[in-house]
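First up is the structure itself, then whatever we jot down about it.
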Amino acid sequence: QQQQQQQREQQQREQQRQAAMREQQERERQQREAERQRALAEQERRRKEEEERRRKQAEEDRRRREEEQARRAAEAQRKREEEETRRREQAAALAVRKVIQRVRIATPENYDNLRAELEEAQQKNLEAMGSQADRVSHEAQQTLEQTQKRIDDIIRKREEDERRRVEEEQRKKEEAEKVERLFKEMKEEFAQVEGKITEGEEKGKAVQGLTAEMSTDEIISTAEAARALADEIKEALTKANDSIAAKQTEMGKNDASWGVQREVNELYQKISQGKRAMESVITHSSYAKDKAVRKAAAMKKIQELKDDFAKHDSDSDGKLSRAEVVAFSRAQFEFDISNEVLDKIMKSLEPVNFDKFRSLFQKVAIAKSEVRARAIRAEEEKRKKELEERKQAVQKIVEEAAGLLTQAESSLASAEADARGLVRGETDLSAEDLKAKAEALEAALTEARALVDQSTEKTKQAEEACEGDSALDGIAKSQLPRLKQRGTNVFERADKVASAVDQAKETAVKRAFAETDKRRLEAVTAIRAKMSADDKSPEQMFKDAAGGASALSKDKFVAFLGTLGEEFKVADGEGEKLFAHIAGTEDEISQECFLELIRLYYKCVKGTVMSEDVQIKSKSVRKIELNEVLEALEGPRKEEGVGVERVKCKAVNDDAVGYVTIAGNQGTPFLVPGGNLHVCIKETVMTDGLCVQESKTVRRIVKGEVIEVLEFAKKDTDLDLKRVRGRAKSDGASGWITLCGNQGTAYLEVC
């Protein structure tokens, strides 16, 4: 029963729950219905509002359309009225502008009429032009002013043209009168000499008619008179020609002068014809006179010959005997004629009368010239022989000089071949071998130059022998210049070889320094290895090497090198050479020099950290930047924790001290040996002190030279420069060099 009672209670509770659920669902249904009704009512309200809005919008649109149509109609009406007004204004303005256009092209004859017409057109169309009235009136006024100005200009131009025309006519009239006057003067001047031309021509004909029967004096006097008259007439013609030319220039170039140009040219032609006629008279007169003079001279010569023949014909028999011919030769030619020559003359001319006297004269003269020629030939042969002896002597000197030059050239050719080998390819030679070859070449050059000097002395002897002797010009002008040129060429070639020798010697010095410096670096590496193995500081290592002394002598240094074991083996004499390389001019190596010698530098190739202790996890000192240079103080030592090599070092730029890892446990390098080598990127100078202004120049440092830094950057406060103390790897020169100028110019950078 209790169970049944529980079931009934449960059923009742279920029924109550279901009834409550039904009531809840009914309330929700009623609520949803109420919501739906409200939504329908809201929708209806919105519909009605939309319809009302649309109705009002339609009425508004209709009203706007009607207003727009009315506005457009009114606007169209206004535009039509304005267009009509504008058309009427344009028509009226056009009517006035047509008159304005005609006024613009008015002439002085119709300007007044057109101006009145324009004023009338303006008055008639003033109202019709409306808004354009002011503009058209301005155009009209402007046109009237411009036209008035143009009309005034035309009138002035016409007046000016008229004035010029009158002046031109007056000028032409004056020019015509002047030309007429000058031409009249020309004709008068020519008329004065025209009659003389005829007189001169008559004289010329008289000269041409001279005959051989006339006396010489009569012919000469007639020719001279004709010549004098012809010269006088020619001079008068020249003056007339010059006067006519001056008057023609005075006429100028104008119509009147062109009108008489033909007549003036005719005057010039007549003057030229007269000059040619007088020149012909002068020519014939000169010929007649010269002919008469030559005839008189010939007759005089014949008479002189007759007188001369009579003088030598002592017996006056009309012919010359052998004795008389000998006497004639002595008196006339100062020549003692030989019997042989006399026989030939007498054989060809005997009897020697006056007709053969000229031939005798010639034959004796020829005989004398032959004797003189034989003497000259003998003298010439003697001179030639002496010249040949002098030539042979000079030629021997020239050949000796040439032989010396040949020897010098041969010696120099061999030296040049060896020098080319030194310059081009013998880079594998040691410094000693290179120096020996350079010295051998230098000796060959000295020998070649001595031979050239001997040749030059021979050439000077030949020059002195040729000086003042024109017969030796061939040698002086051809062979001696060639010898001099050969000598010059040998010296020039020798200079080139000497340059190569100097370069080789310099290379030998640099190579010797480089070889020794390489061994120095090897020694430093071995010393530092021994320091690490013995766990000693640099000071302790020096103390051991010096045996407690304050300096390291040569013997102790050589002995110390022997203790480095297999790391560094020293050949005989090498230790002493290395000592000299390190100590320089000193007799001992000081502790400071020793510590500087074994310094080891590292360059940072990857950023890392400097810490206070050998353990990586020790306190950090600071970060080490890329390319920063560090000086090794101790180590390297192995860090047991991670198994890497660590070195105690000092940063050269700020003296920070700490331990830095050389390479990571995966092989990544952080430090590499180096950083103390710089290369010159811009030529500069090395000085003996830090302060540039207070120091002396050691030498110039050229671009590309490698410098080993001995003391890192310090500041020259006077010039605000950073400078380092370094040693040139090429020759060991040491001093201070500027890293960077105060304007930012870099001179050295890390290799």
(message) Ratio of alpha-carbon Rg to the 2.2 N^0.38 Å globular estimate for the stretch 1-153, to two decimals, please.
(response) 3.23
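Find how much the distance from Glu177 to Asp217 grows on full extension, using 0.36 nm per residue of separation minus their present alpha carbon separation; answer in nm with one decimal. Please list the in-between numbers first.
On the way: separation 40, 0.36 × 40 = 14.40 nm, distance 5.51 nm.
Between Glu177 and Asp217, full extension yields an extra 8.9 nm.
So, R0 is 25 Å and r is the distance between the beta-carbons of Glu596 and Arg637; what FRET efficiency does that work out to, to 0.05?
On the way: r = 23 Å, r/R0 = 0.92.
That gives a FRET efficiency of 0.60.
How large, in percent, is the carbon and sulfur part of the accessible surface of the stretch 52-193 at a probe radius of 1.4 Å?
Of all accessible area on the stretch 52-193, carbon and sulfur atoms account for 47 percent.
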(message) Bin width 10 Å, origin at 0, all Cα-Cα pairs of the stretch 340-484: what percent of pairs per bin?
(response) 10, 21, 15, 13, 12, 10, 7, 5, 4, 3, 1
(request) Keeping all protein chains in position, work out how much accessible area Glu9 exposes to a 1.4 Å probe, and write it in Å² to the nearest 10. (result) 80 Å²
(message) Please list, in order, the residues from the stretch 681-697 whose amide nitrogen is less than 12 Å from a point placed 7 Å along the Cα→Cβ vector of Ala733.
(response) 684-688, 697
(request) Divide, for the stretch 57-123, the radius of gyration over alpha carbons by 2.2 N^0.38 Å, where N is the residue count. (result) 2.15
(request) Among Gln142, Asn113, Gly130, flag the residue with its Cα farthest along the positive direction of the charge dipole of the stretch 112-169, charges on Cβ as +1 for Lys/Arg and -1 for Asp/Glu. (result) Gly130
(request) Taking just the C-alpha trace of the stretch 597-751, give me its Rg and Dmax in Å. (result) 17.3, 54
(message) Under 5 Å between amide hydrogens, which residues at least 5 positions from Leu633 or on another chain qualify, with H placed 1.01 Å from N in the peptide plane?
(response) Lys648, Cys649, Lys650
(request) Just round it to a whole percent: the fraction of Cα-Cα distances in the stretch 366-405 exceeding 13 Å. (result) 64 percent
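With only Lys, Arg, Asp and Glu charged, each at its Cβ (+1 for the first two, -1 for the last two), find how big the charge dipole of the chain is about the Cα centre; round to the nearest 20 debye. Provide the component values of the computation, followed by the final result.
Values: 141 positive and 151 negative charges, 686 e Å.
The dipole of the chain has a size of about 3300 debye.
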(request) Grab the other residues whose beta carbon is less than 9 angstrom from that of Met251, score K and R as +1, D and E as -1, and report the net. (result) +1
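Let me spell out the model: positive unit charges on the Cβ of Lys and Arg, negative unit charges on the Cβ of Asp and Glu, origin at the Cα centre of the stretch 1-137. What dipole size does that give, in debye rounded to 20? Could the numbers behind the result be given before it?
Working: 36 positive and 32 negative charges, 136 e Å.
Its charge dipole is roughly 660 debye.
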(request) Would you check the accessible area of Arg46, probe 1.4 Å, heavy atoms only, in square angstrom rounded to 10? (result) 150 Å²
(message) Once the convex hull of the alpha carbons of the stretch 65-189 is built, what does its volume come to per residue, in cubic angstrom?
(response) 119 Å³
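For the stretch 244-399, compute the orientation-averaged projected area of the C-alpha convex hull (one quarter of its surface), in nm².
On the way: hull surface 93.6 nm².
Average projection, Cα convex hull of the stretch 244-399: 23.4 nm².
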(request) On the full set of protein chains, 1.4 Å probe, figure out the accessible area of Asp231 and give it in Å² to the nearest 10. (result) 60 Å²
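In Å², what does the accessible area per residue of the stretch 704-751 work out to with a 1.4 Å probe? Don't jump to the answer; show the numbers that get you there.
Values: 2170 Å² over 48 residues.
The answer is 45 Å² per residue.
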(request) Using a 1.4 Å probe over the heavy atoms of the protein chains, calculate the carbon and sulfur portion of the accessible area of the stretch 542-592 as a whole percent. (result) 45 percent
(request) Could you calculate the FRET efficiency of Asp355 with Glu379 from 1/(1 + (r/R0)^6), where r is the beta carbon distance between them and R0 is 45 Å, rounded to 0.05? (result) 0.70
(request) Pop a pseudo-label 7 angstrom from the Cα along the beta-carbon direction at both Lys577 and Ser695 and give the gap in nm to one decimal. (result) 3.1 nm
(request) Can you tell me the FRET efficiency between Ala440 and Gln392 if r is taken as the Cβ-Cβ distance and R0 is 41 Å, rounded to the nearest 0.05? (result) 0.55
(request) Extending each Cα 7 Å along its Cβ direction at Ser314 and Ala58, get the distance between those two points in nm, one decimal. (result) 18.4 nm
(request) For Cα Rg over 2.2 N^0.38 Å, several values are listed as (i) 1.87; (ii) 1.09; (iii) 2.48; flag the one computed from this structure. (result) (iii)
(message) Can you give me the long-range amide H partners of Gly689? Hydrogens built in the peptide plane at 1.01 Å from N, cutoff under 5 Å, separation of 5 or more residues or another chain.
(response) Lys696, Trp736
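Which net charge results for the neighbourhood of Ala39, defined as the other residues with beta-carbon distances under 13 angstrom from its beta-carbon, given Lys and Arg at +1 and Asp and Glu at -1?
Working: positive: Arg32, Arg36, Arg38, Arg45, Arg46, Arg47; negative: Glu33, Glu35, Glu42, Glu44.
Residues close to Ala39 contribute a combined charge of +2.
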(request) Give, as ranges by residue number, the residues of the stretch 160-190 whose backbone N falls under 19 Å from the point 7 Å along Cα→Cβ of Glu263. (result) 172-190
(request) Give me the accessible area per residue for the stretch 201-288, probe 1.4 Å, as a whole number in Å². (result) 57 Å²
(message) I need to check one value: relative contact order of the chain, counting alpha carbon pairs closer than 8 Å and at least 6 residues apart, in percent.
(response) 5 percent
(request) Give me the percent of the accessible area of the stretch 638-700 that comes from carbon and sulfur atoms, probe 1.4 Å, all protein chains in place. (result) 48 percent
(message) 7 Å from Cα along Cα→Cβ at both Ser550 and Arg322: what's the point-to-point distance in nm?
(response) 13.0 nm
(request) Compute the signed sum of charges (Lys and Arg +1, Asp and Glu -1) over the other residues within less than 14 Å, Cβ to Cβ, of Glu639. (result) 0
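Please report, in debye to the nearest 20, how large the charge dipole of the stretch 1-64 is about its Cα centre when each Lys and Arg carries +1 at its beta carbon and each Asp and Glu carries -1 there. Mind showing how you got there, number by number?
Numbers: 20 positive and 16 negative charges, 70 e Å.
In total the dipole reaches around 340 debye.
With every protein chain kept in the model, how would you rank Lys477, Lys623 by accessible area, 1.4 Å probe, largest at the top?
Details: Lys477 155, Lys623 125 Å².
Per-residue accessible area, sorted high to low, gives Lys477, Lys623.
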(request) Please identify which residues in the stretch 389-410 have an amide N closer than 15 Å to a label point set 7 Å out from the Cα of Gln461, following the Cα→Cβ vector. (result) 390-405
(request) Scan around Thr608 for amide H atoms under 5 Å from its own, H built in the peptide plane at 1.01 Å from N, and keep only partners 5 or more places away or cross-chain. (result) Ile624
(request) Averaging sequence separations of C-alpha pairs under 8 Å and six or more residues apart, then dividing by the length of the stretch 141-272, give the relative contact order as a whole percent. (result) 39 percent
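Restricting to Cα atoms and excluding each atom paired with itself, what does the Kirkwood estimate give for the stretch 239-313 in Å? Walk me through the intermediate numbers first.
Working: mean 1/r = 0.0592 Å⁻¹.
Evaluated on the stretch 239-313, it is 16.9 Å.
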(message) Run through the stretch 323-400 and list the GluC sites (Glu not before Pro) located in a DSSP loop whose Cβ has at most 14 other Cβ atoms within 10 Å.
(response) Glu334
(request) Take His284, His312 and sort them by solvent-accessible surface of the protein heavy atoms, 1.4 Å probe, largest at the top. (result) His284, His312
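The values are calculated or read from the model by the stated rules, or taken from the named source; none is laboratory data. Just so it is clear, the structure is predicted and the values come from calculations on it, not from any experiment. All Cβ positions, glycine included, derive from the backbone under ideal geometry; neighbour counts span all protein chains shown. When the accessible area is computed, the model is the full protein with side chains, heavy atoms only, and any ligands, DNA or RNA have been set aside. Shrake-Rupley method; radii C 1.70, N 1.55, O 1.52, S 1.80 Å.
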